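What follows is a set of notes on a single structure, which appears directly below.
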Amino acid sequence: MDAKLIAELRAELGPEVVLTDPATLGTRSHDYWAVSHLRRFRAPEGETGGALPGCVARPRDLAEVQAVVRFAAARGVGLMPFGLGSGVCAGVLGDPATILLDMGAMDRVVSVDPVNLLATFEAGCNGLAAEEAVAAHGLTIGHWPQSIAISSVGGWVSTRASGQFSTAYGNIEDIIHSIEAVLPDGEVVTLGKAPRAAAGPDLRHLLMGAEGTMGVITRVTLSLRRQPETRAFTAFYAETMEQGFEAQRRIIQADWRPPVMRQYDAPEVFRLFSAHARGEACLLIMVHEGPAGRVAAELAAVKAIAAEAGLTEADPAATEGWLAHRNKVPEWTDLFKLGVIADTIEVSGSWSQIGPIYRRVMAALREVPGIVNASAHSSHVYRSGINIYCTFACRPEDAAAMEARYLECWDRALEATAAEGGGIAHHHGAGRLRKAYLHHDLGAGGIALLRQVKAALDPKEIMNPGNLLP
Ligand SMILES: Cc1cc2nc3c(=O)[nH]c(=O)nc-3n(C[C@H](O)[C@H](O)[C@H](O)COP(=O)(O)OP(=O)(O)OC[C@H]3O[C@@H](n4cnc5c(N)ncnc54)[C@H](O)[C@@H]3O)c2cc1C
């Protein structure tokens, strides 16, 4: 980005808002995408391993966001929104021609309304801080992504995130009441007003999952719940993933709603629940929450359905242990030092498709040279189907091949999912990593429509150029 342009932006907004120091540029040049971290890890001493943004703008209020957007629109400069950088699909990637719009200074809890169960947050508000603010009123957002402590409310909306308790409480699209956003021409819209509306198409969805390509989310109002009266745990062994999926199908279709339903294949049981491993058995764990009477009824019903489906009871301590340690993840660099590159790929399918998807993706991953792990668990359940969350780890003989093998794992897993008719992106978004596969979910007509929407909203293509749209 031209130094003169940066100087102009700084003159307009002030030196505290427009930053160019190497440390800030470095930490805002990528998200949590494994390859960005690998490139950084392998870079020579003192180098970043990737391009940096032209500058970082860190607005403090709506007016400053509008000023940055108008500045970018007037000059045709790219603008890349940044929440807290926990995205895993390269939705943020350093580009010297763009302004990185860091929403981190807009992090206030604006209001909590315990009567109407609504809370409003600035988009940069840390997810855990948002949950803690409502918890002080005996309430919960009910949205618990594993990254809750390192992601922002605006990021949740932008990536169509899912929380670990989604089976009962819904994904982020079920929790959003309204969204305030600055459009690519600098105008402000507030989308969503009443508890439900039939006032034309639901325009909130233009921003949900747009990954920074349609505008800048500045405020979000979320719909809350009261904290549950009781919580209980169950766990079951299934002989195969298919047997466990069938039990989950029967539970959810009988209208029971354990907020957490997670089913691990044998390699993941050994890795994550070693004390509870039993031969080659898979493990289904469930958390039950709500009014005491309903939880008691759900426990009895779930145990009966699981037994009918051929599952056997496991120690519920497995589920309690998961709850206590669920947000611990290894650092990328610990794996890189061992020559290993790993990642998770979340896909989904109907109940009829999910068994074949699981088998085919595992087989496809195991063909990649250097693969040392291919495993999966399910974690989000619907009446019509379920997701699976695949984990791969690859240790190529030649460390220089780590990035190529990583991309091969992604390609094989997504093509295998699509070949079985599944959805190629359950909740991490598409970013730059998955955009070439988006046609599997949207079709050629859907891609063309998405392009038309983008062209109408952002004719100068300033918003997160190169992201999401194939
Ligand atoms: C360890 C770990 C665990 C994770 N677990 C989960 C999980 O359980 N569930 C889940 O859904 N995801 C999970 N993720 C992925 C990630 O946390 C989510 O995608 C999260 O919603 C991203 O939020 P963020 O604030 O970090 O966004 P960022 O990474 O900063 O940005 C993500 C995308 O949104 C855009 N964006 C961000 N803020 C705005 C805004 N205000 N306006 C417009 N566009 C914006 C960016 O341009 C980018 O394209 C996990 C990630 C990690 C590293």
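Structure above, values below:
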read-out	value
Exposure proxy order (Cβ contacts within 10 Å, fewest to most) of Leu9, Leu442, Leu450	Leu442, Leu450, Leu9
Cα gyration tensor of segment 3-103 - equivalent ellipsoid semi-axes, whole Å, descending	24, 14, 11
Descending semi-axes in whole angstrom, ellipsoid equivalent of segment 277-400, from the Cα gyration tensor	33, 18, 13
Radius, Kirkwood style, for segment 332-440 when every pair of distinct Cα atoms is counted (Å)	14.0
Given charges at Cβ of Lys, Arg, Asp, Glu: the chain dipole, positive-most of Leu9, Leu284, Phe82	Leu284
Additional length obtainable on full extension of the chain from Arg294 to Ala43, 0.36 nm per residue less Cα span	84.8 nm
Distribution of pairwise C-alpha distances over segment 230-325, 10 Å bins, in %	18, 53, 27, 3
Sorted by Cβ density within 10 Å, fewest first, the residues Trp33, Trp351	Trp351, Trp33
Largest-first principal axis extents, alpha carbons of segment 424-470, Å	29, 21, 15
Within-11-Å neighbourhood charge of Gly290 [Cβ basis; K, R +1; D, E -1]	+2
Highest average packing first - 137-143, 207-213, 337-343, Cβ atoms within 10 Å	207-213, 137-143, 337-343
Segment 109-226 - percent relative contact order, Cα under 8 Å, separation 6 or more	32
Only Lys, Arg (+1) and Asp, Glu (-1) charged, at Cβ; the chain dipole about Cα centre in debye	420
Surface/4 of the Cα convex hull for the chain, nm²	22.3
Peptides 99-107, 127-135 ordered by average Cβ neighbours within 10 Å, highest first	99-107, 127-135
Protection-proxy order for peptides 259-268, 237-246, 61-70, 147-156, each taking the mean of Cβ atoms within 10 Å per residue, highest first	147-156, 259-268, 237-246, 61-70
Residue-span extension gain [Val189 to Asp315] - 0.36 nm each, minus C-alpha spacing	40.3 nm
Amide H contacts of Leu118 (H built 1.01 Å from N, under 5 Å, at least 5 apart or other chain)	Asp113, Leu224
Cα-Cα separations in segment 305-354 greater than 15 Å, expressed as whole percent	73
Rg in Å to one decimal, and Dmax rounded to a whole Å, for segment 83-239 via C-alpha atoms	16.3, 56
Charge dipole (the chain, unit charges on Cβ, about Cα centre) - positive-most of Gln243, Gly91, Val361	Gln243
Volume in Å³ per residue [convex hull over Cα atoms, computed for segment 353-395]	46
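Only the coordinates and a few stated rules stand behind these numbers; no lab work does. All values reported here derive from a predicted model rather than from experimental measurement. Neighbour counts run over all protein chains shown; Cβ positions are idealised from the backbone, glycine included.
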